[in-house]
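Single-structure report; data block below.
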Amino acid sequence: MDPVRVLNVSDYTQFRVSPSVYYNRFFECEDNEKTRVSTTSKKRKRKERKPYTLNERERSAYQRHQEAKPLLLKAHEVLFGAKDLLHCISNLKSDGGDDDDSCCSNGIRELSCIEDGKKQSFVELGSVWQAPLYEISINYREENMTTGDSGSSLGVSRLVPAFNNLVMNESCDDVEAEILNNRYVLPGNSCFYMSDLKQIHDLIPADTDSGFNLIVIDPPWENGSARQKSLYPTLPNRYFLSLPIKQLTHTKGALVALWVTNREKLRTFVEKELFPLWGVSYSAIFYWLKVKADGSLINELDLFHHRPYECLLLGYCHGEGMNTELPSTYKHLEENQVIISVPGEYSRKPPVGKLLMDYLPGTRPARCIELFAREMFAGWTSWGNEPLHFQELSYFVNR
Ligand code: SAM
């Protein structure tokens, strides 16, 4: 999967996501030699250690990995057999300009040159006492007036509170928004609610007919990585028990898609506590296999703490208007699908909405929400303490 292409095909009209910015850590192939050397030396070190008996949790993690491994190897083998696909992957980072590596050297990359250090931290901004006073201006273009929009605000700017407020772009086109001199792109028919977890209950619809048919969740799970800690705040597992999944579910039910890391403790927590408390019945697992520009895995498949894959756990939450059984008209979720892509920025997940669309309960267009979002999608609601993060103008180029 090329996440950039997926986003650009249907989410944006005036802008497009810049591949060179999306794939800013492209796992170039020259690292291969280094990776190979370092993993060999790690292997040597491991061999020197005394034999180690796995505890129960480690055995269970090992077992899961052994079950996933043949499937992942098979998927990877298929990728290697598809030569033209491999060729595409190696060129994904290109923005399509004549001189791709010289930032700002041509019009195409012009927008992508804002330095990382200047990026607005919404996590910080939202935590100060002035947060309720910050406003975001939605700047509708003249062209939006021809797209069948209904509001009287077309062709003008609309100023609304940025935090603890459902901010909507009701037009069909992407529009620019501005806060504290930073500019953002909001896809058509999208909305965001930027708040802390404490305010998530404000998102619960007054009636379940306005609930959601797809709920994608990528929680800030705690892990030992110092890198992760510096990028966004994390929360202990018990906080996720309070997510109002049932109340967010549409009358006709919802497919719940939860990203999890490979920690066994976490998998057990989800299966034994989280899904049952949310009222979600486990249905299937998808794997996201991460590859480099040459199609090779970003890490050795067996590397214990840095597996080159993550899991998406899928289950259904029944709506008020449903029997406990799913109607026979549902397209059955196929177990064990593998998504292969080159990862973008740290912890950024590939957009899975379109892959899941066929499996959603309820009528169309489906109502979709992402919890703990850092980006927005056309037609979706994004909630989290920084849903505008990847919407900053520097992630886009003009069409
Ligand atoms: N799915 C996202 C992506 O693909 O880019 C990554 C989400 S990241 C794993 C988790 C997000 O949860 C971060 O943006 C983090 O700031 C946010 N978060 C952490 N604590 C939060 C809280 N108390 N309330 C709301 N969001 C929070």
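The values are calculated or read from the model by the stated rules, or taken from the named source; none is laboratory data. Keep in mind the model is a prediction, meaning the values are calculated, not measured. Neighbour counts run over all protein chains shown; Cβ positions are idealised from the backbone, glycine included. Each accessible area value is taken on the protein alone, full model and side chains, heavy atoms only, with ligands, DNA and RNA left out. Shrake-Rupley method; radii C 1.70, N 1.55, O 1.52, S 1.80 Å.
Go through (1) at pLDDT below 85; (2) among the hydroxyl-bearing types (S, T, Y); (3) open to solvent by less than 80 Å² (accessible area, probe 1.4 Å) and name the single condition T53 misses.
All conditions pass for T53, except number (3).
May I ask you to list the residues in the range 341-356 that are out of contact with any strand residue (DSSP E or B) (no Cβ under 8 Å at 6 or more places or on another chain) and part of a helix (DSSP H, G or I)?
Within the range 341-356, just K354 meets the criteria.
Can you pull out the residues in the range 249-268 that are buried (at least 20 other Cβ atoms within 10 Å of the Cβ) and either of a type in the set (D, E, K, R) or under 27 Å from R64 (Cα atoms) (or both)?
Scanning the range 249-268 gives K252, A254, L255, V256, A257, L258, V260.
Tally the residues that are farther than 18 Å from L166 by Cα, assigned to a strand (DSSP E or B) and of a type in the set (F, W, Y), restricting the search to the range 382-397.
Qualifying residue count, the range 382-397: 1.
Does at least one position in the range 352-373 carry a residue that is open to solvent by 10 Å² or more (accessible area, probe 1.4 Å) and in contact with a Ser or Thr (Cβ under 7 Å, 6 or more places away or on another chain)?
Scanning the range 352-373, I find at least one residue that is open to solvent by 10 Å² or more (accessible area, probe 1.4 Å) and in contact with a Ser or Thr (Cβ under 7 Å, 6 or more places away or on another chain), so the answer is yes.
Given the condition open to solvent by 30 Å² or more (accessible area, probe 1.4 Å) and under 25 Å from Y184 (Cβ atoms), answer yes or no: does some residue in the range 334-341 qualify?
No, the conditions are met nowhere in the range 334-341.
Can you tell me which condition K47 does not meet? The list is (1) at pLDDT below 95; (2) under 28 Å from the mean Cα position of the chain (by Cα), and all the others hold.
Going through the list (1) at pLDDT below 95; (2) under 28 Å from the mean Cα position of the chain (by Cα), K47 breaks only (2).
Scan the range 186-200 and give yes if some residue there is exposed (fewer than 13 other Cβ atoms within 10 Å of the Cβ) and either within 14 Å of the ligand (Cβ to nearest atom) or within 18 Å of L312 (Cβ to Cβ) (or both), otherwise no. Outline the logic, then answer.
Residues of the range 186-200 that are exposed (fewer than 13 other Cβ atoms within 10 Å of the Cβ), as a first pass: 198.
After this cut, where a residue has to be either within 14 Å of the ligand (Cβ to nearest atom) or within 18 Å of L312 (Cβ to Cβ) (or both) as well, the list is 198.
Looking for residues that are exposed (fewer than 13 other Cβ atoms within 10 Å of the Cβ) and either within 14 Å of the ligand (Cβ to nearest atom) or within 18 Å of L312 (Cβ to Cβ) (or both), one finds at least one in the range 186-200, hence yes.
Confirm whether R364 is in a loop (DSSP other than H, G, I, E, B) and away from the ligand (no atom under 16 Å from the Cβ).
Values: in a loop (DSSP other than H, G, I, E, B): yes; away from the ligand (no atom under 16 Å from the Cβ): yes.
Yes.
Got at least one residue in the range 236-248 being open to solvent by 30 Å² or more (accessible area, probe 1.4 Å), among the aliphatic types (A, V, I, L, M) and more than 18 Å from the chain's Cα centre (by Cα)?
Step one: list which residues in the range 236-248 are open to solvent by 30 Å² or more (accessible area, probe 1.4 Å), which gives 236-239, 241-242, 246-247.
Next cut, among the aliphatic types (A, V, I, L, M) only: 241.
Next, from what is left, pick out any that are more than 18 Å from the chain's Cα centre (by Cα): 241.
Taking every residue of the range 236-248 in turn, at least one turns out to be open to solvent by 30 Å² or more (accessible area, probe 1.4 Å), among the aliphatic types (A, V, I, L, M) and more than 18 Å from the chain's Cα centre (by Cα).
Of all helices (runs of 4 or more DSSP H) completely enclosed by the range 207-275, which ones contain at least 3 residues that are away from the ligand (no atom under 16 Å from the Cβ) and touching a residue at least 24 places away in the same chain (Cβ under 8 Å)?
Hits in the range 207-275: 264-269.
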